[in-house]
């Protein structure tokens, strides 16, 4: 650890430990953006703009969907960990796509990505190639943002995708190809929201299938076949006789398909929260999605009503109001840090919905020993300090292992007791 300078406080400061957290719950996300300047609506609009740009550039360069989805997940993560980043969000989006191309082994040079993005944006200008000097300043910015993206994801290069789960679930529950294709687009739309950070791949796949099936009149996702849920048209604020939805929404009075969520290492509450995140997108930004214009707002409102009624039957309140009611939270709410400062307890990664068990399973599989040490003066993050505070001296440790993190903290605490830190 670098010695403190004379103008710094004599209070000992331990080095920062940041463990990779592939999934964040609602409380962690709330803690990460307490002083966000942009409103949530404007932030969502920015994410949609970046998504469209990433999609257009990827079409030209031939990136697969896995690279596009990883790019959006990296964009959301770096925007959470560095909310006051000074760069244009378009630069952050291009840096996320550049980094995702490395993660997914679909490599493209940064200048190639920049040239394609420039030519898409300025169609009336003379096309640029990757050797143009006009791209040099932006290139330097993107390389700088890439460093912050790697720090935000704790140098964890493992990626997780929903597409294999979506296909397997469709086959397992005998879901038609038309509904599966609709769910495929819904899952892509979900990457315009923070659901791609909160939900595991199987939760995102199940949520997309549930919404798609209910848009087509199939009551997929019930936990008990012997429970009856009234049609969403009953007592609905929308009169079904005056519905003008282009999708001609059919209430889910057709066949019911039960899902045993424990079988897929998740819970109905966790999948329900993901459904609400996706439905919020369709409610607020209907015409900026793949699926929204095809169905209309009324259809998604009715799906929300149906899901809320079934959640009420299970004792789950919508929109994360379960904590105040003393009920099981839709997403695990745990105190403490989110990858920095004092270490988490055993429940920090969300054992309520199975995420903690999956992390322990990965440790049993031998993935716990990877540790990366970054240089001095990189992102601060002791408990109670702003994530963007880079004034602290000392190394920052990035680890993938809960066990290794605990061992590091024990060593640090002993060093503090001896007066070495």
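The values are calculated or read from the model by the stated rules, or taken from the named source; none is laboratory data. These numbers come from a predicted model, not from an experiment. FYI the Cβ positions are ideal-geometry reconstructions off the backbone, even for glycines, and counts take in every protein chain you see.
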- Message: Filter segment 280-299 down to the residues that are within 19 Å of residue 196 (Cβ to Cβ) and crowded, with 18+ Cβ neighbours inside 10 Å and list them by number.
- Response: 281, 282, 285, 288, 289, 291, 292
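Report, by residue number, each residue of segment 104-124 that is farther than 20 Å from residue 64 by Cα and assigned to a helix (DSSP H, G or I). Outline the logic, then answer.
We begin by selecting, within segment 104-124, every residue farther than 20 Å from residue 64 by Cα; these are 118-119, 121-124.
Of everything in segment 104-124, those that are farther than 20 Å from residue 64 by Cα and assigned to a helix (DSSP H, G or I) turn out to be 118, 119, 121.
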- Note on the structure: Conditions (1) outside the structural domain of residue 205 (by TED's automatic domain parsing); (2) farther than 29 Å from residue 32 by Cα -> residue 179 fails only (1)
- Query: Taking into account only those residues within segment 45-68 that are buried (at least 19 other Cβ atoms within 10 Å of the Cβ) and within 11 Å of residue 192 (Cβ to Cβ), which is nearest to the chain's Cα centre (by Cα)?
  - Reply: 47
- Which condition number does residue 127 fail, the rest of (1) surrounded by fewer than 15 Cβ atoms within 10 Å (Cβ to Cβ); (2) assigned to a helix (DSSP H, G or I); (3) at pLDDT below 95 being met? (2)
- Message: Tell me the residue from 355, 360 that is surrounded by fewer than 23 Cβ atoms within 10 Å (Cβ to Cβ), closer than 30 Å to residue 82 by Cβ and at pLDDT below 90, please.
- Response: 360
